[in-house]
Structure formats: C-alpha cells, structure tokens
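Undergrad: Quick one: the structure is below, and I'll ask about it shortly.
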Amino acid sequence: MTLIPHKYTDVELFDLLKKYDDSAITSSDLQEIADHFDVKTSSLRRRMKRKGFEYNAKKKTYALTKTQLKTAKKQLETQYEKPHVHATKQKENLVPTSDDTFIKFGAFPDLKKIIQSRLFYPIFITGMSGNGKTFGVEQACSQTKRELIRVNITVETDEDDLIGGFRLVNGETVWHNGPVIEALERGAILLLDEVDLASNKILCLQSILEGKGVFLKKIGKFVKPNEGFNIVATANTKGKGSDDGRFIGTNVLNEAFLERFPITIEQDYPTVGVESKILTKVAESLNIPMVGEHKNFITHLCNWAEIVRKTFNDGGVDEIISTRRLTHIMRAYSIFGDKMKSVQMCLNRFDDETKESFIQLYTKLDDTVNVSESTQ
C-alpha cells in the first residue's frame, strides 16, 4: 500500500483502520500508519488508546475486534455524521423578548405579515442609522412567536462564521454549525444585520437566498431549510456603498446577491407624533412621570429632531439626530435629572460646530433652558 504522508483527523484514522478489519495491527502496521499521517508512533498509540483500541503487550499488537471497531465508529459518527448534536446540546428558545417601549410605525405591519406567513421571502431593509430597523425585526418576531438568529456582519465575516466549521474540543476536531445552519434547521428568521458592511465572502449565501439550502462540503452533508425559514437583511445603504462618507466601511454588494431579495423596505425616521409616543414609553420604563416639564421635554426633543432632519435633507447640516439618540437623552435625563446636561452629553459625539448649533437650536425651542446651562 503506497502511503502519502499528511496530517490526520479522527475520520481519516478510522477510514484507514477499516482496511485492517478482522486482523491485528502489528508494530510494522503501526509504523506504516504513523508514516502515512506523518506522526510519531507514540502519538498514534495515544490516540488509538483514546478511541478504545486495547494494546496486547505480549503479542505487541492492537486487536481490531468487531467490538473495538464498533466502539470507534460510534464515537466518530457522533462527532462527524451528526455534528449538530454536539453544537447544540440544549435548544434554547430564541424568540425575542417583547419590549414595552416598542411602537409600530412605517412598514412594520408589512414586515410582520411576511414573517407571520412563514413563507420564504427574503427582505432587505434600508434606512438611516438609529431608526429602528433591527428593533422592528426583533419585535415582529416577538409578536409572531418566531425564533430569530441575529448575525452582525462585518468586512471580516466569512463562510466559517456564517455556515460553520471545525473546532478543537478536548483535543478533537468537531464540526460546529454556524448561525445560518442553525436558522435553516430550526426554521427560524435569520437577521443579517448591517449587511452592507460585508465583503464578497457573503456570496456563500447565494443558494440559501434562493431557498434551496446548502451543501456542507467539509462534512458531505446537505442541509435543507425547515418550514418557516426566512432571511431579513438590514443596511444603512442599498448595497451601493456610501458616496457621502457617512457610513464608512459599507461596500458595494454583488448585484446577483441583491437581486435575490424580492422586496426592499425603505425605513424613514418616525413622525413627530410616533416619536413622542416612543419617548413616552421609554420615559415610563425609566419611572419618569409624564407630567409637567417632563412631558414638555419630550415634545421639545421631538420637534428639535424633526427640524434637524429637515435641515439635513435640505443640505443645511451634515449630521442628524436619530431616534436612538433621543432615547439616549431620555436615559441620561433619568440619571442626571438635568435636561440641558442630558442633551449636551449625548451631543458630545459631534464636532464642536455641529454640537453648538444643535444646542442653540434646542434652547430656542425650550425656553426653560439656556446656553449657559450647557457649559456648567
């Protein structure tokens, strides 16, 4: 038997040992196998011992009885042929928790209807940062009792991160399912968050975006999507990159990849009325009483954000106040009890000129505060 030296896995070891079935492995056989895998015989002996092969010191052989082979095969099948059993010993309930601060708006009813239908119908959601794209998907799944697996995409995300790969567990290589395979097998909603940050490695999902499943070439297994599986992707762009530089790191996505999403939802910021309800819910969750100046504070914040957004759309400013930033301000207010301090601290992320212009605008809307308070 001509042997080519290479490193080995348990699967390769078992495949080679089957050639010695119903016989005994002698010292020369052992050396031959060690040479084949380019390892020391002592290392090979230790691995065979872990696999349940007993060494006969008198005969200086390993007896390959049917029981021995059956035991080794059972161990390998557990790791190799059914790897997902090891990867998910206990199935957790992945239905998102309901959030009392959530207020539906925009295309949320349509999103919920698609998720509730349990049909495979991929959705691409695009919109400015901090306007509730991801939050909406989570709450749609919560309301429809659908499991959700969220994957935060970066330029480094690759097939191993998404589909899965071999991991070293107790000295053995074991296959672990990635989040995509988990979602496929569970019939869950797969959320590809910030998908426009992805590189061309995201193309490993092409067949999955067609609803056809995927072949795991590393373990020779085909995974079909379970009933209810669907994909939702969120992005700040439409997959064409960011020309104005606002979303550094976003990439131009492959046209064939984008074409596999039947619909695209364009999500804007909520209206003043809706945003007021959102902040009221947030305030109530923080035990801020909705009376007097507290209630007026929310009104001023929403009107302020609306003016800033209109100015941004007209090209008057380069920054914007997101719904997320307004909730940050409410949380700061619940801590410090100071409106102007809360606004200023949450605006410190902007450059000085932008920050000062935003503060000046707010003080014109809220006559209970002044600019001097912001510097204290």
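Undergrad: If you take the residues of segment 345-369 that are among the aromatic types (F, W, Y) and assigned to a helix (DSSP H, G or I), which of them is surrounded by the most Cβ atoms within 10 Å (Cβ to Cβ)?
TA: That would be Y362.
Undergrad: Turning to a different aspect of this structure: Give me the pairs: first residue in segment 193-214 and in the same structural domain as L162 (by TED's automatic domain parsing), second residue charged (D, E, K, R) and crowded, with 22+ Cβ neighbours inside 10 Å, beta-carbon distance under 9 Å, and six or more apart or on different chains, which are they?
TA: Cβ pairs passing all conditions: D193/K133.
Undergrad: I'm trying to understand the selection: among the residues of segment 134-176, which are part of a loop (DSSP other than H, G, I, E, B), within 29 Å of F247 (Cβ to Cβ) and either modelled with pLDDT under 95 or among the hydrophobic types (A, V, I, L, M, F, W, C) (or both)?
TA: Correct list: I153, V155, I163.
Undergrad: Further, regarding this structure: Yes or no: segment 182-191 includes at least one residue that is surrounded by fewer than 18 Cβ atoms within 10 Å (Cβ to Cβ), under 22 Å from K133 (Cα atoms) and in the same structural domain as R260 (by TED's automatic domain parsing).
TA: Within segment 182-191, one or more residues are surrounded by fewer than 18 Cβ atoms within 10 Å (Cβ to Cβ), under 22 Å from K133 (Cα atoms) and in the same structural domain as R260 (by TED's automatic domain parsing).
Undergrad: Let me confirm something: among S334, S372, S342, which residue is more than 30 Å from the chain's Cα centre (by Cα), assigned to a helix (DSSP H, G or I) and at pLDDT below 95? Working first, answer last.
TA: Working: S334 fails: at pLDDT below 95; S342 fails: at pLDDT below 95.
Criteria check complete, one pass: S372.
Undergrad: Restricting to segment 310-324, name every residue that is touching a residue at least 12 places away in the same chain (Cβ under 8 Å), part of a helix (DSSP H, G or I) and surrounded by fewer than 18 Cβ atoms within 10 Å (Cβ to Cβ).
TA: R324
Undergrad: Can you confirm whether segment 244-266 contains a residue that is assigned by TED's automatic domain parsing to the domain that holds I231, within 30 Å of M340 (Cβ to Cβ) and surrounded by fewer than 15 Cβ atoms within 10 Å (Cβ to Cβ)?
TA: yes
Undergrad: Return the residues of segment 102-123 that are in a loop (DSSP other than H, G, I, E, B) and over 10 Å from I231 (Cα atoms); say none if nothing qualifies. Spell out how you get there, then give the answer.
TA: Step one: of segment 102-123, the residues in a loop (DSSP other than H, G, I, E, B) are 102-107, 118-122.
Correct list: F102, I103, K104, F105, G106, A107, R118, L119.
The values are calculated or read from the model by the stated rules, or taken from the named source; none is laboratory data. What you are looking at is a predicted structure, and each value in this text was computed from that prediction instead of being measured. Cβ coordinates were reconstructed from backbone atoms using ideal geometry, including for glycine residues, and neighbour counts include every protein chain displayed.
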